Amino acid sequence: MSSNKTIIPGMEDAYKEQPSSFGSQNANAQDETYVPNPFGAMPNSVNMPNQKPVVGFLYSISKSNSGEFWPLRMGSNSIGRSADCDVCLGEATVSEQHAVLVVRQMKNPEKIIASICDARSTCGTMINGESLGFEQRECFDGDIITIGEHYDLYFVLIDAKQIGLNVCRGFIPTQTAATVFSRQPHQGNPYAAPSTNRFTQGYEQEDVNVQGGTVGHDEAENKPVTKPGGTIFM
């Protein structure tokens, strides 16, 4: 039986206890298949099982019309200019540790609630245009949270059970473009297109020899030209 085996990043240790039919622990690297990001899961991303569930978002167009958004997870979500914050806002009037937004699952009554408090910032926090001060304030879906002088954030709170969203037990993931199989790990972008395909395979990117002539490209004229000796430049 072939000694080939499949290695999935982050699960290398699981293969040490596999039966010998799956290949030995010291198998040659050339006998391995490398699978980056199976089923489209990004490394160290939101699909990891140890991550808290996403229960809302903050959305803003304060920086540009193209918009920005940040996921909010169950529990504490820090907001500030620091790169360590869960919601990092790069704006001068935002403090390093500006505010904390907490999302909590209530048991009786069963619902999801959220509250925000200012972390003794310099320029303060507002909800719907009203200054927050230092007290904790409950915030609701659709509120506008202002951080500092210039960052307006639209608050979206998602109670999946209340709105009827559930995990589908029969969900069947497909192998998307993120599932790339190769004999060796990718050194560059794993999502980059292959250097050759059925149209370009066997051809060089520049000049190739075709029946004694050369096909090329005239960048100045951008049209085919013929040179002595059967040389055609496109």
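Residues Gln25, Gln51: which one is modelled with pLDDT under 95, touching a helix residue (DSSP H, G or I) at 6+ places or on another chain (Cβ under 7 Å) and assigned to a loop (DSSP other than H, G, I, E, B)?
Answer to the check: Gln25.
Please find, among Ile147, Ile116, Ile112, the residue that is of a type in the set (A, V, I, L, M) and farther than 30 Å from Ser64 by Cβ.
Ile112
Starting from residues that are on the phi > 0 side of the Ramachandran plot and without any contact (Cβ under 8 Å) to a residue 40 or more places away in the chain, keep the ones in the stretch 130-172 and report whichever is surrounded by the most Cβ atoms within 10 Å (Cβ to Cβ).
Gly133
Please go through the stretch 147-160 and give me each residue that is more than 24 Å from the chain's Cα centre (by Cα) and either in a loop (DSSP other than H, G, I, E, B) or not assigned by TED's automatic domain parsing to the domain that holds Ser82 (or both), ordered by number.
Residues satisfying the conditions are Gly148, Glu149, His150.
The values are calculated or read from the model by the stated rules, or taken from the named source; none is laboratory data. Being a predicted model, the structure only gives us computed values, none of them experimental. We place every Cβ from the backbone using ideal geometry, glycine too, and count neighbours over all the protein chains shown.
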